[in-house]
1. What accessible area per residue comes out for the range 179-236, rounded to a whole number of Å², with a 1.4 Å probe?
2. Suppose we take every Cα in the range 38-113 and form the convex hull; what volume per residue is that in Å³?
3. Please list, by residue number, every one of the trypsin sites (Lys or Arg not before Pro) in the range 150-199 that is coil in DSSP and has at most 13 other beta-carbon atoms within 10 Å.
4. In vacuum, with every alpha carbon of the range 207-310 counted as one equal point scatterer, what does the Debye formula give for log10 I(q)/I(0) at q = 0.15 Å⁻¹? Two decimals, please.
5. Counting only protein heavy atoms and a 1.4 Å probe, tell me what percentage of the range 88-214's accessible area is made up of carbon and sulfur.
6. Report the label-to-label distance for A188 and R167 in nanometres (one decimal), using points 7 Å from each Cα along the Cα→Cβ vector.
7. Leaving out ligands and nucleic acids, and using a 1.4 Å probe, what accessible area per residue does the range 88-177 come to in Å²?
8. Pop out the carbon and sulfur fraction of the accessible area of the range 270-330 as a percent, whole number, probe 1.4 Å.
Amino acid sequence: MGNALRFLYKNCCQPSTTDSHPHGHHHGVPTQSVGVSALAQDLLHFEATSQVPEGLGKHVVSSKKAQSNWYRKLLQAWKEAKPPPRTPEDTARLVTATLKGHQKADVEGLLAYYNLPHPHTLVDLPTGAPSAYPGGVKYELHTLPVDVKAVADGDTVTVYVSTADPRESYSVPKEVQVAAIERAKARAQKNYPKADALHKKIIDQNYRVIPVQNEEVLAKKYRIRLRGIDAPESAMPYGKQAKEELANLVQGKSLRVLVYEEDRYGRYVGDIYCNGIFAQEVMLKKGLAWHYAAYDRRAELANWEKEARAKRVGLWASKNPEEPWEWRKDRREGR
């Protein structure tokens, strides 16, 4: 069996049920990984038995002999991929590239069978943060790895910046420094109630002690509002999908945040870069946010929204999606 396939299936997203395709329930597998897991499992099964999934024929037009040829090609492509695909988008790209030249109905049917993205919905995301600050940027933050629970919705995330950062070190309140020292002493003495009380005092000052690689780091809290976009609220259509997309992007990553201003809600309005990928670009191109033109006139943001509208991806699959700012206004006015 291919090492890449075996590793992915065993360590990334192995289902705990015997059902081998995404139309069954896969307990314990992240929703976005189910199709990747199912295809990896079916390729392993094909390598051992030369058999393709029974239900595939309902989704494609070619014969089982042709289907076997696809799986042989996909198996080889997956083994040769470095790194192997781990996301639905990467997997869809591998399938589309490997089966280039085959009937369009077959390729699209195979993707649909595994709940993988349709080729026209895939977006190219260039990497690389800007070498110079865009106009209006006041300073930048470099965060500790982000907790998935810190993502409030599709355009807001809470981050923490180590007080060892030169920009932060000079401004830590004395009472926070003292509480952090006393907390460390209390924990060393196993006086956990006292340590917890001191940590609460630290948290009340907008700081927190965070475990990072077996060390405890004193860090300042920042709530970041992504500049120039407005994602659906949680209770709106596509609100859940927008939150999941942003969470998938930032989870466990250290972010570069270019800060423009602090808004009236105490949030820091900024651009977020994750391993060089511009978060606002992702949300707009995938149709999971509007360009918030009232607060940001950058042409590239408007163009990315237009691209998503033209492809009818994400919320643009609906004929007339409600803007989140109008939705909030209606709720404030009791409508």
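The values are calculated or read from the model by the stated rules, or taken from the named source; none is laboratory data. Everything quoted here is computed from the prediction, not taken from an experiment. Cβ atoms come from the backbone with ideal geometry, glycine included; neighbour counts cover every protein chain shown. Protein only, heavy atoms only, side chains kept; ligands, DNA and RNA dropped before computing areas. Shrake-Rupley method; radii C 1.70, N 1.55, O 1.52, S 1.80 Å.
1. On the way: 3370 Å² over 58 residues.
On a per-residue basis, the range 179-236 sits at 58 Å².
2. Per-residue hull volume (Cα only) is 83 Å³.
3. K190
4. Log-scaled intensity ratios, in q order: -0.68.
5. Its accessible area is 53 percent carbon and sulfur atoms.
6. Distance between the two pseudo-spin positions: 3.2 nm.
7. Using a 1.4 Å probe on heavy atoms only, each residue of the range 88-177 averages 51 Å².
8. Within the range 270-330, the accessible surface is 47 percent carbon and sulfur.
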